[in-house]
Amino acid sequence: MIPMVDLKLQYNNLKQEIDTKIIEALDKTQFILGPNVQAFEKEAAEHLGVKHALSCASGTDALHLALLAAGISEGDEVITTSFTFIATAEAIRYVGAIPVYVDIKADTLNIDADLIEAAITEKTRAIIPVHIFGQPADMKKIMAVAKKHNLLVIEDCAQSYGAKIGNETTGGIGLAGCHSFFPSKNLGCYGDGGMVTTNDDAIAEQIKIYRNHGSSERYHHDVIGYNSRLDELQAVILRIKHKHIDEYNNERRRVAHSYSEQLKDVVTVPFEDGIGTHVYHQYTVLTDKRDAIMPALSAKEIGNAIYYPIPLHQQKAFEKECAGVSLPVTEDTIKHCMSLPVFPEMTEEQIKLVCDTIKSAV
Ligand SMILES: *Cc1c(COP(=O)(O)O)cnc(C)c1O
């Protein structure tokens, strides 16, 4: 049996440290915005090379808070990709804005930066690129088009914690970066958690206010805010795992490269465009033989999944507003994509078993 991610194995490797530190935190009883939350924010900001890292309750909230802080509101248009998890578009809708979808590139599956300009209208206020599956989007082109049209850029880094473009990390290039610590993400906690990174002091201040009931001073509420804080116990876990994140991401790359070497003549393996460092949140291939491969993997209890089976513009929730939207590359990709198990602890024997199973299925 090979799961998509082996959280149990990772926990067993860190168990002693996690259990000890959790009990210490329980003894301190500072559960809301406590010392571990503050320390984690400092460590994350330092590691990512950003001025501010503000934790919150989830990656979805990180996107919502960033849009609020950036002043995106009713009737504004936000350009993004349809080939992503729904949270990217949900957050846009939470502030009353309208998601406008641009097609993806057939090789990297990231937003096609060359198509953004044509989607800009009078109402466009921001762009949300998603660093899909852990590969950085073309931020140079995206920042250039944003600058030309005076648009804000908010990066969805839910799948790309620690991924770099040159010396910069994803989440430190646009106005804000939104991270998720959902358990299966590259840096995952044991529940929900998220974080906004920014180099902008005013945005950081707004995030702090919005995540804590609209208050910068206790019992003084300047705006209607939210209850969206990272849990102290999750911060304990994140601080322990964060020490290993570079190693975890490198190990994910090892697994991916071993897969690609063995599968390159069998399926279309992920394309690294070299713009940044792919940290392989998912290892996603393209193939016409999904119907043969997936049951063969499942028969051996090997994890397999389609990320994503339905693009956002074809979701029921967006039925009305997306009538007539056509995104040919996205619509073709969802028919051919499938993801394989990838986690830092995966052994070469496990990788070979997955590859051999695929080879005999096709
Ligand atoms: C996971 C994910 C989110 C949402 O994060 P949560 O912590 O689950 O709320 C947003 N965007 C993308 C691309 C994701 O993969």
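Can you compute 3J(HN,Hα) from phi for each residue in the stretch 164-180, using the Karplus curve 6.51 cos²θ - 1.76 cosθ + 1.60 with θ = phi - 60°, rounded to whole Hz and x for Gly and Pro?
Residue by residue, the stretch 164-180 yields 10, 10, x, 8, 9, 9, 4, x, x, 9, x, 5, 8, x, 10, 10, 10 Hz.
How long, wide and thick is the stretch 96-140, going by the Cα atoms along their three principal axes, in whole angstroms, largest first?
Per principal axis, max minus min of the Cα coordinates gives 30, 21, 18 Å.
If you take the Cα atoms of the stretch 38-184, find Rg, then find the Kirkwood Rh from the mean of 1/r over all pairs, what is Rg/Rh?
0.94
Evaluate 2.2 N^0.38 Å with N set to the residue count of the stretch 1-41, then give the Cα radius of gyration divided by it.
Here the Cα radius of gyration is 1.52 times the empirical estimate.
Taking Cα pairs under 8 Å and at least six residues apart, what relative contact order does the chain come out at, in percent?
Taking the mean separation of contacting Cα pairs over the length of the chain, I get 22 percent.
Over the stretch 192-351, what number does the Rg to Rh ratio reach, with both radii from the alpha-carbon atoms and Rh per Kirkwood?
Numbers: Rg = 21.1 Å, Rh = 19.7 Å.
Ratio of gyration radius to Kirkwood radius for the stretch 192-351: 1.07.
I'd like to know which of 271, 329, 283 lies farthest towards the positive end of the charge dipole of the stretch 222-354, counting +1 on Cβ of Lys and Arg and -1 on Cβ of Asp and Glu.
283
I need 286, 230 ordered by Cβ neighbour count within 10 Å, fewest first.
Sorted ascending by nearby Cβ count, the order is 286, 230.
Quick one: Kirkwood hydrodynamic radius for the stretch 273-362, alpha-carbon pairs, angstrom, one decimal?
About 15.1 Å, per the Kirkwood formula over Cα pairs.
Loop only by DSSP, 13 or fewer other Cβ within 10 Å of the Cβ. Give me the GluC sites (Glu not before Pro) in the stretch 41-146 that pass, ordered by residue number.
Hits after loop and neighbour filter: 74, 122.
Quick check: from the Cα gyration tensor, does the stretch 260-316 come out rounded (a/c under 1.5), prolate or oblate? Provide the component values of the computation, followed by the final result.
Details: a/c = 1.84, a/b = 1.08, b/c = 1.71.
Oblate, because a/c is 1.5 or more while a/b does not exceed b/c.
Just to confirm the filter: which chymotrypsin sites (Phe, Trp or Tyr not before Pro) across the stretch 191-280 are DSSP coil and have at most 10 other Cβ within 10 angstrom of their Cβ?
219
So if R0 is 41 Å, what FRET efficiency would residue 219 and residue 331 give, r being the distance between their Cβ atoms, rounded to the nearest 0.05?
The formula returns an efficiency of 0.20 here.
For each pair in 164/208; 105/140; 141/320; 289/359; 42/208, compute the distance between the two Cα atoms and list the pairs where it is over 21 Å.
164/208; 141/320
Tell me the mean residue ellipticity at 222 nm calculated for the chain from its helices only (DSSP H runs of n ≥ 4, each -39500 (n - 2.57), averaged over every residue, nearest 500).
Value at 222 nm, helices only, nearest 500: -12000 deg cm²/dmol.
For the stretch 296-342, give the magnitude of the charge dipole about the Cα centre (Cβ charges: +1 Lys/Arg, -1 Asp/Glu; no others), in debye to the nearest 20.
I would put it at about 100 debye.
With the dipole of the stretch 109-207 worked out from charges on the C-beta (+1 for Lys and Arg, -1 for Asp and Glu) around the Cα centre, which of 113, 129, 152 lies farthest toward the positive end?
Of the options given, the answer is 113.
Where a ≥ b ≥ c are the square roots of the eigenvalues of the C-alpha gyration tensor, would you call the stretch 130-250 rounded, which needs a/c under 1.5, or, failing that, prolate if a/b is larger than b/c, or oblate?
Oblate shape, in that a/c is at least 1.5 and b/c is the bigger or equal ratio.
Over the alpha-carbon set of the chain, work out the extent along each principal axis and list the three values in angstrom, largest first.
Taking max minus min along each principal axis of the Cα atoms, the chain gives 65, 55, 38 Å.
Explain nothing, just the number: dipole magnitude of the chain about its Cα centre with +1 on each Lys and Arg Cβ and -1 on each Asp and Glu Cβ, in debye rounded to the nearest 20.
That gives a dipole near 240 debye.
At a Cα cut-off below 18 Å, give the lysines reachable from residue 352, other chains included and same-chain residues fewer than 8 away excluded.
Cα-Cα hits under 18 Å: 264, 300.
Read-outs throughout are calculated quantities, based only on the coordinates presented, and are distinct from any laboratory measurement. What you are looking at is a predicted structure, and each value in this text was computed from that prediction instead of being measured. Virtual Cβ from ideal backbone geometry, glycine too; neighbours counted across all protein chains shown.
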